[in-house]
1. Just need a number here: residues in region 91-110 that are at pLDDT 85 or above, surrounded by fewer than 17 Cβ atoms within 10 Å (Cβ to Cβ) and not charged (D, E, K, R).
2. For region 111-129: of the residues being more than 24 Å from the chain's Cα centre (by Cα) and either under 30 Å from S235 (Cα atoms) or at pLDDT 95 or above (or both), which is least open to solvent (accessible area, probe 1.4 Å)?
3. Consider only pairs whose beta carbons are under 9 Å apart and that are at least six residues apart or on different chains; among these, list those whose first residue lies in region 133-146 and is of a type in the set (K, R) and whose second residue is modelled with pLDDT of 95 or more and open to solvent by less than 40 Å² (accessible area, probe 1.4 Å).
4. Looking at this structure, is N251 modelled with pLDDT of 85 or more and open to solvent by 20 Å² or more (accessible area, probe 1.4 Å)?
5. Against the condition within 30 Å of S83 (Cβ to Cβ) and free of Cβ contacts under 8 Å to residues at least 40 places away in the same chain, how does S152 come out, does it pass?
6. Can you name every one of the helices (runs of 4 or more DSSP H) wholly within region 108-183 that holds 1 or more residues which are among the basic types (K, R)?
7. Please go through region 190-207 and give me each residue that is touching a helix residue (DSSP H, G or I) at 6+ places or on another chain (Cβ under 9 Å) and among the small types (G, A, S), ordered by number.
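The values are calculated or read from the model by the stated rules, or taken from the named source; none is laboratory data. Remember, predicted model here, so these are calculated numbers, not experimental data. Every residue, glycine as well, gets a Cβ built from its backbone with ideal geometry; the counts of neighbours run over all protein chains shown. Quick note on the areas: whole protein, heavy atoms, side chains included, nothing else; ligands and nucleic acids left out. Shrake-Rupley method; radii C 1.70, N 1.55, O 1.52, S 1.80 Å.
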Amino acid sequence: MSKYLQYFKQAWNIIRQEKLFSSIYIVGTGLSITVVMVLSIVFYIKIANIYPETNRDRLLVVKSALGKEAKTNSQYSSSLAYSVVETCFLSLESAEAVSAVLDTWHEEGRVQPEGSRDQWPVTVKHVDTNFWTVFPFRFIDGKPFTEADMQSGIRTAVIAESLARRLFGTADATGRTVSLNFRQYRVSGVVRDASPVTAQTYAQLWLPYTLMDYRNGAGPGNLMGSMIVYILAPSAGSVEQVRQEAIANINRLNQSLDGVEFSILGQPDRQWQSIFRFWSNNEPEFGIILCQYALIFLLLLFVPAVSLSGMTDSRMERRMTEIGIRRAFGARVGGLMTQIIAENLLFTLIGGVVGLLSSYVIILLGRSWIMEIGQSFVPRTVEGTEVILSPQMLLNLPVFAIALAICFVLNLLSSLIPAWRNARREIIHSLNAKP
């Protein structure tokens, strides 16, 4: 153990003696980690189990469908009609819960405080009662609106904690009335705020979709509409079983149609797949998409390592005399290689920490525009909405460990190969090498 500690002490002395090289090496490694971590955090936020979307690992999503009419050869793509949702998805026996949500892409409304003429813009979402099961929000006060409320068309609402405090000065707002677009809604419950980065659930005010005209269908067979479906499987291992039952229901629906072909284009998607489904009329090639992003990540790590390898090779050439002297005094090649590995590990660890801290600074300072990379990352929000990033979203230690390991391997190869070549040269050549 003392031997390895001595290696790290020697490596630290080298950092102090060769400040320029050490600084460039650490900055190069840190830059790789920074860029990879920023992108990783963005994608981690979209696919990990994060409040209130804590069931993403067992969630299936149906966002759109395509209908074709045989006679006119015309086609129509959009979200689903309620009749399709009711026939094919609400009846799923293997699912734990199925939620239907209006695809209004976060409708904007205006609320008016009691006794004031001012109006504030808010983001509104129209959901059903199962929404609160599929997405387990934390209720600070009250509870969700009931199925009876939905079926009766009662104007009731669940509001976010920040909106409750702004309207009423307290989160204890159950039973009070909120004015939305000059209509009065009774508050049934108050939930802890969701972040705009959780696009499937984010809103400031949630209403029953039965308050809207949700039953009208359009397109071939009136199968198109404005509904999105979220299916919660009992466990992560049963997701495929639920998916196959949904596909079987769609196939039965197709058999009952006359002159119309209906397709959900490979859906239901797993939650991570749904974020890459940008268009309603074609099916993404998920394999190609994953390969593209994997290639981008590797390039972001590989390019700096290649750039640093030239500097490392020059540095090893300058150290040939040192290597020759140590070998003349009996140092083994394996011992020299161990020291090189210790030096590289220390460089990489310091660069990794610098990169990790830099990525957090960049994410926190530029979260509003970074999270808007791509349309599916952050929904359209009202002016003044703050992008909330919790520690749970940022502490992506597995990704950091993987990026650090890749950086270490690449940087190690860039230094170990020239070191191995120089360490095996004849001692006389090493001693006579010019620094």
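1. Qualifying residue count, region 91-110: 2.
2. Once the filter is applied, the top-ranked residue is D128.
3. From region 133-146, the pairs are R138/V191; K143/W132; K143/V158; K143/S188; K143/G189.
4. Details: modelled with pLDDT of 85 or more: yes; open to solvent by 20 Å² or more (accessible area, probe 1.4 Å): yes.
Judged against the criteria, N251 is a match.
5. Numbers: within 30 Å of S83 (Cβ to Cβ): yes; free of Cβ contacts under 8 Å to residues at least 40 places away in the same chain: yes.
It is true that S152 is within 30 Å of S83 (Cβ to Cβ) and free of Cβ contacts under 8 Å to residues at least 40 places away in the same chain.
6. Details: elements: 131-134, 147-152, 161-168.
Of the helices (runs of 4 or more DSSP H) lying wholly inside region 108-183, those with at least 1 residues that are among the basic types (K, R) span 161-168.
7. S195, A199
Quick grid of which residues meet (1) outside any helix (DSSP H, G or I); (2) under 17 Å from Y209 (Cβ atoms); (3) small (G, A, S); (4) at pLDDT below 90:
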| position | (1), (2), (3), (4) |
| --- | --- |
| D57 | no, no, no, no |
| T72 | yes, no, no, yes |
| S77 | yes, no, yes, yes |
| E86 | no, yes, no, no |
